[in-house]
Amino acid sequence: MRHAIYVPLFGALADPHAITDIAQAAENSGWDGLFVWDHVLSPISGEWAIADPWVVLAAAATVTSRIKLGPMVTPLPRRRVIKLARETVTLDHLSRGRLIVGLGTGSDAGREYSAFGDVADPRQRGRALDEGAEVLAALWAGETVTHRGLLVAENVQIRPRPVQQPRIPLWFGTERTSGRPIERAARYDGVFPLETDAAGVARIVERIETVRGSSGAFDIAVVARPGVDLEALSRAGATWAMHAFWPGHTPEQVLRVIDRGAPG
């Protein structure tokens, strides 16, 4: 199992200088990754400073050389897919192939859809995620893309391609351990169940093996909080532990955990 630091870019952790310090410390202390929330408004009550994940991840990429980096997760239905394609390819080149992209439908809990007139219906968001992931992967592959649905792309091709081939790894965040979200993730590279136990991970592995033929070369990332049995989750098939922090945590608190070193 690999171990990553997972932080919200809220409050004191919205300071990009603090995140670069955290990224350097994580790399020096043997951690495997740094992942960040992607929000434009807060789903958490209170008034919060919020940082842009792409600017912060670019800064983190310039002060590290080994750890994986990425958003967990980017709500693709509220993004323009061409903008996301450019951002991700550029960041993959900047990090020399260390980017992992987490995608999801997001929610409207913080009015991140409705405040801007975007479609907040969950089924529509699910369709938009399916279409957007397909278009994003095709653009990364250098294909000339024409797609007409909820998302429209007319005769579009981008250069350069990502460093990572056949594509930048795509993981999908979900609150479920079965059904369509897992089947969607199985077509790509990983899944991030936001709340689960060992039995839930086992259900995911079973479904992934059914869809893909095996669970090899597929990542299952789980949230690690105090009291979570990571050994049981690893035995069930989890490959990454995301050591999670919450809005209100300080950079000093994150650094204290990092300095203790990654488990195992």
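The values are calculated or read from the model by the stated rules, or taken from the named source; none is laboratory data. Everything numeric here is computed off the predicted structure, so don't read it as measured data. Glycine also receives a Cβ, built like all others from the backbone with ideal geometry; neighbour counts cover every protein chain displayed. Ligands, DNA and RNA are stripped out before the accessible areas are found, and what is left, the full protein with its side chains, is counted by its heavy atoms. Shrake-Rupley method; radii C 1.70, N 1.55, O 1.52, S 1.80 Å.
Some points to look at:
- Considering region 234-264, and only residues there that are part of a helix (DSSP H, G or I) and either under 26 Å from THR177 (Cα atoms) or among the basic types (Lys, Arg) (or both), the residue that is most open to solvent (accessible area, probe 1.4 Å) turns out to be ARG235.
- Top-ranked residue of region 152-172 - restricted to ones that are open to solvent by 30 Å² or more (accessible area, probe 1.4 Å) and aliphatic (A, V, I, L, M), ranked as nearest to ASP118 (Cα to Cα): VAL152
- Counted residues, region 1-36 - those being surrounded by fewer than 21 Cβ atoms within 10 Å (Cβ to Cβ) and free of Cβ contacts under 8 Å to residues at least 60 places away in the same chain: 7
- Long-range neighbours under 8 Å by Cβ, at least six apart or interchain, first residue within 17 Å of TRP171 (Cα to Cα) and open to solvent by less than 30 Å² (accessible area, probe 1.4 Å) within region 198-221, second in a loop (DSSP other than H, G, I, E, B) and aromatic (Phe, Trp, Tyr): ILE208/PHE218
- Those residues of region 91-148 which are without any contact (Cβ under 8 Å) to a residue 12 or more places away in the chain and of a type in the set (A, V, I, L, M), in sequence order: ALA138
- The lone exception for GLU175 - which of (1) modelled with pLDDT under 95; (2) over 30 Å from ALA138 (Cα atoms) it fails: (2)
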